[in-house]
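Report on the following structure.
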Amino acid sequence: MEHQKPVLHILVVGFHHKKGCQVEFSYPPLVAGTEGRSECPSGWKYLPTLALPDGSHNFASDFVCFNLPSLTDPERSVYGISCYRQIALEAVKNRTADLTRSTVQKSVCTLLSLPIYGYVEVKLSLVAQAFFEQGDFAATDILVKAYEQLNACLTSLEPQEIAPTRLHFVGVPLRELLLKWRHKILILFKLLLLQKRVVCFGSPVHPTCALILGIASLHPELISKGFQQVACVKTSRPMSPMPTFSTSHEQREEREEQEQEVEEAVQSESPPRQAHLPASLPEPDPVPTGREADELNDLDDGRSIASAREATGCDDRTIASSSSSSSASSSSSSPGTSLDGAAAATGTVRPVPPAPTLVRETSVDTIASNFSSLYAIEPSEWGAPLRIFHEGQLCLPYLSLPYMDLLTDPSVKGYVIGASNVLFQHKRQLADVLIDVEAAVVDALDPDTKRAIQLTTEDLRFVDFVVRHVQTPKEDAEGSEAWIRDQLYGYTVALLKTSLNQDGSKEMEHFNAHFMAAFKATRCYADWCERTGGGTVPAFEGLLGGHPFAGTLSVADMKLRIAQTMQNSESGRKLNQAVSSTSRAVGGALTTAKGAFSSWWTSFTAAPQGGQLAPADQQQQQQQATVPDDGSDADRATDDEDDPYPGVPQQPAAAAPTPAIEKEVSQPGASHRSVVEIGREAELLDRGGCDGGPTTNSGAVREKTFPGV
């Protein structure tokens, strides 16, 4: 596999209205000796369903990351990235007979020998855009040129140069994920260590793939060195979609023994730094190598050479002091030394005594220096990466429906998969933990798993520290993606160091005792103990055990616990929904009441139109209210009986007194008596101005208002 090109194939997958998803073009051909059309190897017969995800017809574009087992090596995987597009039929210039729908759905896909999804995604998106814009799907020359240029660009880099340039992390939106998931990022980080059956579902597929790859990138060197067997499993069913190999079990064991002998020989030739230096000799200036040199050369990382030297020097001084103290104690207590020698001769592992714990400091600088001493250790010194996806543990960022039966195979021990088909969500027996990517909900179906993934107070302090720096990034790269990975790197080192303590110790409880018990029972932890000789890592000798954020409780810790409970528990989510719906209802009622009050107040305070003081009927009511009761009630009763239009508002017939009345009424100094006299004079004038004998005021009003009557 080392001699293969980084880009193995580039292909086009389309949707046929009769045949479904199929490969329309591949270069080089997927099946040797063919034209590369409509043919897939038997081990990859469901490859088209991965490139065109379920429910893709609901979206115009999407990106899909998936993994396949290698067809040539049973212990290697192939990594795929697909760029999906849906365009209108009118945009196609060269229309063929199979284009019978109003839209065209196709994907441009690449199969890689390296897990550099994001780097190829950026390049592939430009290639797919040019391929669709030309409007002729038969013109595949652009794809052949893209295949050659990508290989030429990647083969110019040596394999050891790919990790320092961080091609594995390109395109992983780590900051966006942390701001969305917040403290749940640490839950997902620890969940991967438990090797459970985790199903992430969401549509479109790209956010789900980004979440799985983002969490995997937080584990030290997991993607770069621990992704070789993410899709490798030897199934026990004859109709399995996975490839079959003729390699016998004895041959695999012999090859593993040879690889282990080579690793032991390399370790014996290069002993750890300063492991056997006497305490009296002066320490040489540490030279940044490996991980430190990579990070110092990276312009994106804000740590300076001076800070790295300071962190390494602190670590070396701690190791030297611990070695001097251990030598002094061994010289003063010879019986203990003889007991240790007897234990080593019998092959038993002596329990490691609990180390002094870290004390939480309020100073951010102290916390940063503690973490710098943790992630200054090179990954090779403590056996990184942890083999999380190994021996039946699968990591499939996207899995289509035809592969569902693979999850129930006895040889599959655990997995982390992404899916867009709703059937994966309903098949709850296939998962220990269900993750809703769109709603950011982690639902642990197993009670033991639910207890194990609960975050402690120290964990909440740690993730709150990381989130606060991500929200307000600084110029010295605090809050950047490289800085985030360094924090999780230090957390992993502290976790492994604390796991060597005795069960039931206080330091174990800082990481959740249930989680530590479940983690120490996993296959990846047993494999790490085997590779490190029971956890005897020389680099751990100078480290303090326990959680870096251990300390006494405070009010801030109580706030973090309440917020975490409200966001993560089922009762908390129901309470949040109830409060949200109630607030919407109350807010709508307040808005309606405010609108009604505003309209009423506007109608009450609005100025009269046309400069009039008030309508005529209001003036008549005002006059009637000011006239004393001197027999006018009888006149009004008589007028009502003679009025043929009792429902029509009536106005005074004489218009001349109206300005006088308005003037008198409008004057604030007029007395009540003058108002009454003016009103009676107007009434007499109305009665005297009518022809044909005595009439009432209402009759005058009737003549003036209705002259035709």
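Here is a check on your reading of the model: is Thr72 open to solvent by 50 Å² or more (accessible area, probe 1.4 Å), in contact (Cβ under 8 Å) with a residue 60 or more places away in the chain and either in contact with a helix residue (DSSP H, G or I) (Cβ under 6 Å, 6 or more places away or on another chain) or assigned by the TED database to the domain that holds Ala32 (or both)?
Answer is yes for this residue.
Suppose the filter is at pLDDT 95 or above and buried (at least 19 other Cβ atoms within 10 Å of the Cβ); does Phe515 pass it? It is true that Phe515 is at pLDDT 95 or above and buried (at least 19 other Cβ atoms within 10 Å of the Cβ). With the condition kept exactly as written, say whether any residue in the stretch 73-91 is over 27 Å from the mean Cα position of the chain (by Cα), among the β-branched types (Val, Ile, Thr) and more than 22 Å from His16 (Cβ to Cβ). No, because not a single residue in the stretch 73-91 is over 27 Å from the mean Cα position of the chain (by Cα), among the β-branched types (Val, Ile, Thr) and more than 22 Å from His16 (Cβ to Cβ). Can you find a residue in the stretch 93-103 that is over 26 Å from the mean Cα position of the chain (by Cα) and either crowded, with 16+ Cβ neighbours inside 10 Å or outside any loop (DSSP other than H, G, I, E, B) (or both)? Yes, the stretch 93-103 contains a residue that is over 26 Å from the mean Cα position of the chain (by Cα) and either crowded, with 16+ Cβ neighbours inside 10 Å or outside any loop (DSSP other than H, G, I, E, B) (or both).
Residues checked against (1) open to solvent by 10 Å² or more (accessible area, probe 1.4 Å); (2) touching a Phe, Trp or Tyr at 6+ places or on another chain (Cβ under 9 Å); (3) in a helix (DSSP H, G or I); (4) closer than 26 Å to Arg197 by Cα:
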position: Thr449; (1), (2), (3), (4): no, no, yes, yes
position: Pro473; (1), (2), (3), (4): yes, yes, no, no
position: Trp483; (1), (2), (3), (4): yes, no, yes, no
position: Asp486; (1), (2), (3), (4): no, yes, yes, no
position: Val493; (1), (2), (3), (4): no, yes, yes, yes
position: Gly504; (1), (2), (3), (4): yes, no, no, no
position: Phe519; (1), (2), (3), (4): no, yes, yes, yes
position: Tyr525; (1), (2), (3), (4): yes, yes, yes, yes
position: Pro548; (1), (2), (3), (4): no, yes, no, no
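Just one residue in the set Arg561, Arg531 is modelled with pLDDT of 75 or more and either exposed (fewer than 10 other Cβ atoms within 10 Å of the Cβ) or assigned by the TED database to the domain that holds Lys497 (or both); that residue is Arg531. Can you tell me which residue among Leu386, Leu399, Leu455 is among the hydrophobic types (A, V, I, L, M, F, W, C), over 30 Å from Gly542 (Cβ atoms) and out of contact with any Lys or Arg (no Cβ under 6 Å at 6 or more places or on another chain)? Testing whether each residue is among the hydrophobic types (A, V, I, L, M, F, W, C), over 30 Å from Gly542 (Cβ atoms) and out of contact with any Lys or Arg (no Cβ under 6 Å at 6 or more places or on another chain) leaves just Leu399. Only one entry in Val78, Val120, Val127, Val144 is of a type in the set (A, V, I, L, M, F, W, C), under 24 Å from Phe389 (Cα atoms) and part of a helix (DSSP H, G or I), namely Val120.
When the stretch 132-168 is filtered for residues that are modelled with pLDDT of 90 or more, surrounded by 17 or more Cβ atoms within 10 Å (Cβ to Cβ) and more than 31 Å from the chain's Cα centre (by Cα), the ones remaining, listed by number, are Thr140, Leu143, Ala146, Tyr147. Restricted to the stretch 71-106, and to residues there that are at pLDDT below 95 and of a type in the set (Gly, Ala, Ser), the residue that is farthest from Gly14 (Cα to Cα) is Ala91.
All conditions in (1) buried (at least 23 other Cβ atoms within 10 Å of the Cβ); (2) closer than 15 Å to Gly135 by Cβ; (3) among the acidic types (Asp, Glu) hold for Glu90, with the sole exception of (1).
Is it fair to say Asp443 is within 18 Å of Ile187 (Cβ to Cβ) and assigned to a helix (DSSP H, G or I)? In short, no.
Conditions tested, residue by residue: (1) open to solvent by 40 Å² or more (accessible area, probe 1.4 Å); (2) among the charged types (D, E, K, R); (3) over 19 Å from Gln149 (Cα atoms).
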position: Gln22; (1), (2), (3): no, no, yes
position: Ser26; (1), (2), (3): no, no, no
position: Ala32; (1), (2), (3): yes, no, yes
position: Glu35; (1), (2), (3): yes, yes, yes
position: Gly43; (1), (2), (3): no, no, yes
position: Leu47; (1), (2), (3): no, no, yes
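Annotation note: of Pro354, Pro402, the sole residue that is open to solvent by 30 Å² or more (accessible area, probe 1.4 Å), at pLDDT below 90 and not polar (S, T, N, Q) is Pro354.
The residues of the stretch 421-439 that are open to solvent by less than 30 Å² (accessible area, probe 1.4 Å) and part of a strand (DSSP E or B), listed by number, are Val433, Leu434, Ile435.
From the list Gly418, Gly383, the lone residue that is modelled with pLDDT of 90 or more and either part of a loop (DSSP other than H, G, I, E, B) or within 18 Å of Cys524 (Cα to Cα) (or both) is Gly383.
The values are calculated or read from the model by the stated rules, or taken from the named source; none is laboratory data. This one's a predicted model, so the numbers in the text were calculated from it and none came from an experiment. All Cβ positions, glycine included, derive from the backbone under ideal geometry; neighbour counts span all protein chains shown. These area figures cover heavy atoms from the full protein model, side chains too; ligands, DNA and RNA do not enter into them. Shrake-Rupley method; radii C 1.70, N 1.55, O 1.52, S 1.80 Å.
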